[in-house]
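This report concerns only the one structure given below.
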Amino acid sequence: MRSFFGFLLMLLVPLALIWLPVPGLGALIGGFVGGYVTARPGRAFVLALLPVVIVDALALLIATGLGLPIVGAIVAGAAAIFFIAHSVALLAGAIVGGYMGQSRQEALPAVSRA
């Protein structure tokens, strides 16, 4: 459940913070918050890549659905390169937030459920 919530945060927070004047700052904050909630740097990294994969798969499906498979593959490849380059801040924020969340969880005392 934490992974899904972290993914939603990484997807929606940059959209909500699109008004920030610094390019990539909204994605950095969204990645940090999502990674902190996930509390695992590796899982946060994979979850930050999911929006790229989803958009790329949609671009491939739409472009190949038009009956042009070679053009669809080229469009999907270009979309993948663009979105990966654009989400570097999201990935960096997710990794840093994952490490912060992991260290926060390790610092909390264990609660016994009796």
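Structural remarks
- Considering only G98, G26, G77, the mean-square fluctuation computed in a Gaussian network model of the chain, springs between alpha carbons under 10 angstrom, is largest for G77.
- Residues with amide H under 5 Å from that of L17, placed H, sequence gap 5 or more: none
- Checking (1) 2, 11, 21, 22, 20, 13, 6, 3, 1, 0; (2) 2, 8, 9, 9, 8, 7, 7, 8, 8, 10, 8, 5, 3, 3, 2, 1, 0; (3) 2, 14, 18, 18, 15, 12, 9, 6, 3, 2, 1, 1, 0 against P(r) over Cα pairs in 5 Å bins from 0, in percent calculated from these atoms, the matching label is (3).
- When you restrict to C-alpha pairs under 8 Å that are six or more residues apart and normalise by the size of the stretch 2-107, the relative contact order lands at 39 percent.
- Value of [θ]222 nm, deg cm²/dmol, for the chain, DSSP H segments ≥ 4, -39500 (n - 2.57) each, nearest 500: -27500 deg cm²/dmol
- Most mobile of I29, I81, I95 in a GNM of the chain (Cα contacts under 10 Å): I81
- In a DSSP loop and with at most 15 other Cβ atoms within 10 Å, the trypsin sites (Lys or Arg not before Pro) in the stretch 13-114 are R113.
- Largest GNM mean-square fluctuation among V75, V52, V37, using the chain with Cα springs under 10 Å: V75.
No lab work stands behind these numbers, since they all come straight from the coordinates. All figures in this text were calculated on a predicted structure; none of them were measured in a lab. When we count neighbours, we look across all protein chains shown, and the Cβ atoms used for this are built from the backbone with ideal geometry, even at glycine.
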